[in-house]
Amino acid sequence: MTGPTLWCVIPAAGRGVRAGGDLPKQYQLLAGRSMIEHTLERLAVHPRIGGLLVTLAADDRYWPGLRSVRGKPVLSAIGGAQRSASVLAGLEALPATVGDEDFVLVHDAARPCVRLDDIGRLIERAASGDGGLLGAPLRDTLKQADAGGCVERTEPRESRWRAFTPQMFRRGALTAALREADRQGVAISDEAMAMELAGFSPLLVEGAEDNIKVTTAADFALAEFLLARTSS
């Protein structure tokens, strides 16, 4: 796979309290290694990813101080209280060689099972426009619940997608979009939302549904199974 390499920002300043345990979830063991090590390894293997920048909590005592993975540089920066602030800090800390028009990937530290083919497909397809994200069409039936947990109605699932990462946008446009959302006090759940609010229409690129986000304790066993079963 040929083409310019991209930097990837990995926000890892959160605690991940739903996963349980004494450590932040990104440092909990998964198949004998910390989850963030698996994630960085998976990203670094891809030939189009040229460098990794991890954003950390100010009081992070667990970051192993990695300088490189698979021969590719690893930088770190202090993130913020929210994901959007951590991503913005990462974008601002990227090397000066990354221009405003250059595309940058953003990937969850808690998604160690992303497939290399999906990363490549995202890079190839989203680079022809203003960027995009991996995702998958919603296949389950959706229910709207009332305050008591009873079904109020069934929601249409047509044209509904689950959003994954990586997400890929131009450095300058994403930085501006995140800053503006912060100025307006809008809570941003992912980078695509910030870009949508800025007037862009990110491209949805279908990826494998086993690109799970490890959130609860039960997800660790599934992630271990997927890591053992897939390598791309």
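The values are calculated or read from the model by the stated rules, or taken from the named source; none is laboratory data. Model, not experiment: these values are computed from the prediction. Every residue, glycine among them, receives a Cβ derived from its backbone with ideal geometry; neighbour counts consider all protein chains shown.
Only a single criterion out of (1) closer than 21 Å to Ala109 by Cβ; (2) assigned to a helix (DSSP H, G or I) is not satisfied by Glu196, namely (1).
Listed conditions (1) touching a helix residue (DSSP H, G or I) at 6+ places or on another chain (Cβ under 9 Å); (2) farther than 26 Å from Gly135 by Cα are all met by Asp22, apart from (1). For segment 127-156, a residue qualifies if it is in contact with a strand residue (DSSP E or B) (Cβ under 9 Å, 6 or more places away or on another chain), of a type in the set (A, V, I, L, M) and surrounded by fewer than 10 Cβ atoms within 10 Å (Cβ to Cβ), and exactly one does: Val151. Of all residues in segment 89-135, which are of a type outside the set (D, E, K, R), under 17 Å from Thr175 (Cα atoms) and part of a helix (DSSP H, G or I)? Correct list: Ala89, Gly90, Leu91, Ala93.
Within segment 125-153, the set of residues being touching an Asp or Glu at 6+ places or on another chain (Cβ under 6 Å), of a type outside the set (Gly, Ala, Ser) and in contact (Cβ under 8 Å) with a residue 24 or more places away in the chain comprises just one member, Leu134.
Could you list all residues from segment 82-117 that are without any contact (Cβ under 8 Å) to a residue 24 or more places away in the chain and either crowded, with 24+ Cβ neighbours inside 10 Å or of a type outside the set (S, T, N, Q) (or both)? Quick ask: steps written out before the conclusion?
Pass one, segment 82-117, residues without any contact (Cβ under 8 Å) to a residue 24 or more places away in the chain: 96-97.
Ala96, the sole residue that qualifies.
Filtering Arg67, Arg42 for residues that are surrounded by fewer than 14 Cβ atoms within 10 Å (Cβ to Cβ) and basic (Lys, Arg) leaves a single hit, Arg67.
For segment 1-58, how many residues meet the condition of being in a loop (DSSP other than H, G, I, E, B) and either modelled with pLDDT under 95 or of a type outside the set (D, E, K, R) (or both)?
Qualifying residue count for the region: 21.
Here Trp161 passes the criteria (1) modelled with pLDDT under 95; (2) among the aromatic types (Phe, Trp, Tyr); (3) in contact with a Gly (Cβ under 7 Å, 6 or more places away or on another chain) except the one numbered (1). In the condition set (1) without any contact (Cβ under 8 Å) to a residue 24 or more places away in the chain; (2) assigned to a helix (DSSP H, G or I); (3) not polar (S, T, N, Q), Gly65 is compliant with all but (2). Determine which single condition Leu75 fails, assuming it passes every other condition in (1) touching a helix residue (DSSP H, G or I) at 6+ places or on another chain (Cβ under 8 Å); (2) under 26 Å from Leu197 (Cβ atoms); (3) in a strand (DSSP E or B). Of the numbered conditions (1) touching a helix residue (DSSP H, G or I) at 6+ places or on another chain (Cβ under 8 Å); (2) under 26 Å from Leu197 (Cβ atoms); (3) in a strand (DSSP E or B), the odd one out for Leu75 is (2).
Apart from one condition, Ser86 fits all of (1) part of a loop (DSSP other than H, G, I, E, B); (2) farther than 12 Å from Cys8 by Cβ; (3) not charged (D, E, K, R); the exception is (1).
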